[in-house]
Amino acid sequence: MSISQDLAYLRAADLDEALRHLEKDGACVHGGGSDLVTCLREGTVTCAQVISIGGLDDLRAITPTSIGALATIAELGRHEEIERRLPALAAAARAVGSPQLRNQGTLGGNLCQKPRCWYWRGDFHCLRQGGDTCYAAFGQNHGHAIFGAEACVYVHPSDTAVALTAYEARVRIAGPGRSSRTRTVPVDEFFVLPADDPTRETVVGRGEIVTAVEVPAPPDGHVGVYRKIRARGAWDFALTSAAIVLAFEGGDRGKPVRHARLVLGGVAPAPWRAAAAEQALVGRRLDESTIAAAAEAAVADASALDHNGFKIDLVQGVLREELQSLAG
Amino acid sequence: MRDRDDSDASRRNFLKTVGLGSAALASAGAGQGRAELAAVEPEKLQKILLSINGRQLSVLVEARWTLLFVLREQLGLTGTKVGCERGECGACTVLLDGVPRYACLTLAVEAVGHEVTTLEGLLDGEDLGPVQRAFVENDAYQCGYCTPGQVMAAEGLLRENPAPDLEQIRVGVSGNLCRCGAYANIFRAVADAAKLRRGGGA
Ligand SMILES: Cc1cc2nc3c(=O)[nH]c(=O)nc-3n(C[C@H](O)[C@H](O)[C@H](O)COP(=O)(O)OP(=O)(O)OC[C@H]3O[C@@H](n4cnc5c(N)ncnc54)[C@H](O)[C@@H]3O)c2cc1C
Ligand code: FES
Ligand code: FES
């Protein structure tokens with residue numbers, strides 16, 4: 001019922017204290033703990049000292065342009081300003097896990113959560129665990145990637161990351177060592193593809209803490225949706241999801257599309273921007289043939305593993321249905 | 001939140017605590033407010049103050065102990081059940097500051113400074129509270145293993161939304177599996193519990 005590896009624990013009083021302690025060997029960040037505690041119990045993550053940032057209340061704030069890393073997923077899902085301004089993000093937050101997980105999980109933790117690949121979580125010393133084989137590539141891979149699946153075929157589990165990519169958000173990272181050292185990274189450069197480094201999921205380095213996510217104002221008159229397909233009605237990761245943010249000329253849905261961001265989840269080791277599909281939309285009216293062309297373009301460079309070919313159809317179906325609903 | 005006969009509930013908790021918790025000490029209500037905890041060394045027992053069902057309890061814990069472990073094995077509060085221990089079943093649901101979450105994914109040290117409510121805390125003196133009563137009256141279980149977690153999820157839902165519709169009820173208990181498939185009666189029980197809670201302080 002508890003964790004077998006020995007742990008020290010520190011609840012940091014401020015960001016500088018947290019960053020100072022994170023410089024030590026084997027220290028790790030505890031946000032809400034909803035993923036970390038399981039990883040520690042199952043030994044997929046080893047950590048000698050847990051640095052809890054749960055007491056850093058100034059990382060909790062949600063403002064129109066910035067969301068603190070400690071804002072909970074539940075708060076994002078019911079925040080009126082987020083709903084009005086970034087509806088696809090609010091919808092993505094409501095689609096995460098279960099009520100209990102949304103109450104506990106933080107935005108920072110949701111972006112930095114570990115893979116859900118059952119080989120990585122199981123007793124397999126896989127490529128991502130420092131071994132030399134991706135067992136999923138030729139094993140049970142119906143949950144795995146159809147895009148960007150070089151070396152390791154896991155899919156990134158975060159729903160919020162998909163919506164944040166569609167809103168062109170930037171992730172603010174503090175450290176190492178002190179809080180005056182910060183950098184911001186566009187969310188579409190935040191996740192690391194396995195072809196570049198199969199042992200890490202994000203660019204967050206040793207000793208660093210995600211402190212906030214900054215979201216620029218979306219284009220005037222934009223519309224946004226998030227659609228998630230999972231094997232059951234709740235409490236499950238996406239088999240496929242899509243965040244779509246569009247703006248039409250003159251704010252009129254009958255007029256050509258002037259701005260399009262289409263981002264797919266559950267299909268790649270990072271939120272997957274369907275750039276060819278965006279190009280198929282911009283400058284055109286959102287009619288049946290445009291929608292068909294976009295859905296087709298989205299999967300042009302998909303490649304299925306043995307058991308996940310259905311995801312190619314799912315992506316197309318989801319994009320067709322959601323674009324249709326936005327055509328009004 | 002409703003009123004309740006505190007002396008009874010405290011007495012019971014007190015007896016449970018001193019009777020069953022080997023590393024647990026009961027302390028009578030001292031140290032209100034946000035108890036501070038800075039650090040716990042590895043392999044060391046650290047005394048922390050937990051606020052559970054309205055009582056302040058001083059408990060010796062290791063950093064790696066979960067709230068689920070401490071509630072059951074140190075404090076004898078076995079109303080909170082152990083299932084998957086990875087956030088996939090809901091049997092361990094408790095309220096933290098009135099909001100449902102999984103005790104299996106919560107380190108005990110993380111509960112310092114927060115109000116923990118367990119199934120035992122929903123009792124109305126020696127009687128069942130309204131949500132518990134509604135589960136009994138609606139036959140909302142078969143084996144009963146998931147029931148404590150379902151009750152806590154329902155309690156959390158009703159504290160936030162006293163009059164949920166069916167869809168909101170379904171979402172509210174969507175983080176609790178019932179392997180017996182008693183869902184239809186669970187939804188009915190939660191709807192009834194809402195009425196019981198609204199209809200005059202239970
Ligand atoms: C059964 C189950 C189902 C789930 N379903 C979904 C789902 O459908 N969609 C979805 O998106 N997620 C899902 N999740 C994941 C869940 O949303 C995450 O566990 C949660 O968001 C993590 O947040 P946390 O604050 O609890 O993170 P923690 O558990 O505290 O941390 C997770 C990881 O991120 C690191 N970390 C945390 N915060 C920071 C920070 N600020 N800076 C740097 N590193 C940090 C930690 O070191 C750790 O490695 C599910 C989880 C479970 C257990
Ligand atoms: S035991 Fe905590 S969710 Fe299953
Ligand atoms: S009543 Fe048996 S698990 Fe729900």
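Output yes when any residue across the stretch A:126-148 is within 16 Å of ligand 1 (Cβ to nearest atom), within 14 Å of chain B (Cβ to nearest Cβ) and modelled with pLDDT of 95 or more, and no when none is. No: zero hits. When A:Ile67 is tested against the conditions (1) surrounded by fewer than 23 Cβ atoms within 10 Å (Cβ to Cβ); (2) closer than 22 Å to A:Arg178 by Cα; (3) not charged (D, E, K, R), the lone failure is (1). Within the stretch A:148-174, if we keep just the residues that are in contact with a Ser or Thr (Cβ under 8 Å, 6 or more places away or on another chain) and closer than 20 Å to A:Ala212 by Cα, the residue that is farthest from ligand 2 (Cβ to nearest atom) turns out to be A:Arg170.
Against the test of being touching a residue at least 40 places away in the same chain (Cβ under 8 Å) and in contact with a Cys (Cβ under 8 Å, 6 or more places away or on another chain), the options A:Gly31, A:Gly26, A:Gly68 yield a single qualifying residue, A:Gly31. In summary, A:Phe248 fulfils each of the numbered conditions (1) within 26 Å of the chain's Cα centre (by Cα); (2) farther than 25 Å from A:Asp196 by Cα; (3) of a type in the set (A, V, I, L, M, F, W, C); (4) surrounded by fewer than 24 Cβ atoms within 10 Å (Cβ to Cβ) with the single exception of condition (1). For the stretch B:137-155, name all the residues that are among the small types (Gly, Ala, Ser), more than 14 Å from ligand 2 (Cβ to nearest atom) and part of a helix (DSSP H, G or I). Within the stretch B:137-155, just B:Ala154 meets the criteria. In the set B:Gly149, B:Gly83, B:Gly87, only one residue is within 16 Å of ligand 3 (Cβ to nearest atom), closer than 22 Å to A:Arg41 by Cα and not assigned by TED's automatic domain parsing to the domain that holds B:Ile169; that residue is B:Gly83. Count of the stretch B:143-166 residues, restricted to those that are in contact (Cβ under 8 Å) with a residue 60 or more places away in the chain and either over 14 Å from the mean Cα position of the chain (by Cα) or farther than 18 Å from B:Leu71 by Cβ (or both), is 3.
Regarding B:Gly175, is this residue farther than 25 Å from B:Asp127 by Cβ and buried (at least 21 other Cβ atoms within 10 Å of the Cβ)? For B:Gly175, the condition - farther than 25 Å from B:Asp127 by Cβ and buried (at least 21 other Cβ atoms within 10 Å of the Cβ) - is met.
Name the residue, out of A:Arg172, A:Arg183, A:Arg230, that is closer than 28 Å to A:Leu86 by Cα and within 14 Å of chain B (Cβ to nearest Cβ).
None of the other options fit; the residue is A:Arg230.
Among the hydrophobic types (A, V, I, L, M, F, W, C), part of a loop (DSSP other than H, G, I, E, B) and surrounded by 23 or more Cβ atoms within 10 Å (Cβ to Cβ): does that describe A:Ala145? In short, yes. Go through the stretch A:186-235 and count every residue that is surrounded by 20 or more Cβ atoms within 10 Å (Cβ to Cβ) and free of Cβ contacts under 8 Å to residues at least 40 places away in the same chain. Summing the residues that are surrounded by 20 or more Cβ atoms within 10 Å (Cβ to Cβ) and free of Cβ contacts under 8 Å to residues at least 40 places away in the same chain in the stretch A:186-235 gives 1. Of the strands (runs of 3 or more DSSP E) contained entirely in the stretch A:1-105, those carrying at least 3 residues that are more than 13 Å from chain B (Cβ to nearest Cβ) and more than 8 Å from ligand 1 (Cβ to nearest atom) fall at A:66-68. Restricting the search to the stretch A:106-125, which residues are in a helix (DSSP H, G or I), within 7 Å of ligand 1 (Cβ to nearest atom) and in contact with a Leu (Cβ under 8 Å, 6 or more places away or on another chain)? The answer is A:Gly108, A:Gly109.
The values are calculated or read from the model by the stated rules, or taken from the named source; none is laboratory data. Keep in mind the model is a prediction, meaning the values are calculated, not measured. No Cβ is skipped: glycine too gets one built from the backbone with ideal geometry, and neighbour counts run over all protein chains shown.
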